[in-house]
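The values are calculated or read from the model by the stated rules, or taken from the named source; none is laboratory data. These figures come from a predicted structure and were not determined experimentally. Reconstructed Cβ throughout: ideal geometry from the backbone, glycine too, with neighbour counts over all protein chains shown. Side chains included, ligands, DNA and RNA excluded: accessible areas come from the protein's heavy atoms. Shrake-Rupley method; radii C 1.70, N 1.55, O 1.52, S 1.80 Å.
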Amino acid sequence: GEDVEQSLFLSVREGDSSVINCTYTDSSSTYLYWYKQEPGAGLQLLTYIFSNMDMKQDQRLTVLLNKKDKHLSLRIADTQTGDSAIYFCAEKSSGYALNFGKGTSLLVTP
Amino acid sequence: DAGVIQSPRHEVTEMGQEVTLRCKPISGHNSLFWYRQTMMRGLELLIYFNNNVPIDDSGMPEDRFSAKMPNASFSTLKIQPSEPRDSAVYFCASSPGPENNEQFFGPGTRLTVL
């Protein structure tokens with residue numbers, strides 16, 4: 001299937017901004033998603049963006065999409081220790097199936 | 001709303017035993033998904049139901065795996081016989097419909113096969 005790639009690990013200091021990056025290969029992707037997984041929990045949908053948009057902001061979260069480069073990023077402003085989790089990028093090209101990356105572990109240090 | 005409910009949360013069994021995982025989707029959701037999460041392969045879609053009918057089971061690893069959805073509020077994923085390589089976290093997710101953009105995940109069942 002098509003690939004979704006993410007870096008495995010990111011560490012930031014509390015109060016700084018975090019930027020988690022994702023690349024994908026399917027040029028027909030219509031929606032791109034960010035999910036958050038806390039230890040021992042399921043995946044929580046944070047936000048998603050339609051492929052004809054290039055930016056979406058929701059409180060501390062900003063999603064940037066560069067469709068030409070097939071690059072998606074999630075910026076978390078004023079990162080808190082409670083933001084420590086695994087963040088998954090996913091894409092959907094048609095119908096129902098989501099194609100997930102392997103996740104980026106975000107560690108926020110005091 | 002209680003969200004997607006899965007049981008059990010943890011399951012430890014011995015190789016060769018039958019394992020049944022359960023899922024209750026969010027009320028009113030017509031689409032249900034079973035995923036498996038491992039370190040090596042990440043999240044993989046196993047099977048997708050729409051209106052209780054299996055639409056795509058191409059992700060089911062082999063005949064030892066089977067899934068049913070007898071009604072709109074319940075689904076099972078069965079492994080018989082189980083093997084150590086089936087150890088993983090199994091997630092159920094539901095969505096209002098096949099074209100809806102949001103999938104809501106349950107807390108998962110962590111399966112360990114010894």
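At a Förster distance of 22 Å, what's the computed FRET efficiency of residue A:21 paired with residue B:56, Cβ-Cβ distance as r, to 0.05?
Result of the calculation: an efficiency of 0.15.
Mind listing the Cα extents of region B:29-114 along all three principal axes, in Å, largest one first?
Over region B:29-114, Cα extents along the principal axes are 37, 23, 20 Å.
What size of dipole, in debye to the nearest 20, comes out for chain A about its Cα centre when the only charges are +1 on Lys and Arg C-beta atoms and -1 on Asp and Glu C-beta atoms?
In total the dipole reaches around 120 debye.
Sort B:29, A:71 from largest to smallest accessible area, using a 1.4 Å probe on the heavy atoms of the protein chains.
A:71, B:29
Placing +1 at every Lys and Arg Cβ and -1 at every Asp and Glu Cβ, with all other atoms neutral, what dipole size does chain B have around its Cα centre, in debye to the nearest 20?
For chain B, the charge dipole is close to 240 debye.
Whole percent per 10 Å bin, from 0 to the bin with the longest distance: what is P(r) over all C-alpha pairs of the protein assembly as shown?
In whole percents, the pair-distance histogram is 8, 33, 35, 20, 5, 0.
Along the positive direction of the dipole of region A:1-96 (beta-carbon charges: Lys, Arg +1; Asp, Glu -1; about the Cα centre), which of A:40, A:8, A:93 reaches farthest?
Towards the positive end, the residue furthest out is A:93.
For residue A:30, what residues show an amide H to amide H distance below 5 Å, using hydrogens built from the backbone and excluding near sequence neighbours?
A:92, A:93
To the nearest 10 square angstrom, what accessible area does residue A:109 show with a 1.4 Å probe?
Surface accessible to solvent at residue A:109 totals approximately 40 Å².
Rg over Rh of chain A, using C-alpha atoms and the Kirkwood radius, what does it come to?
0.95
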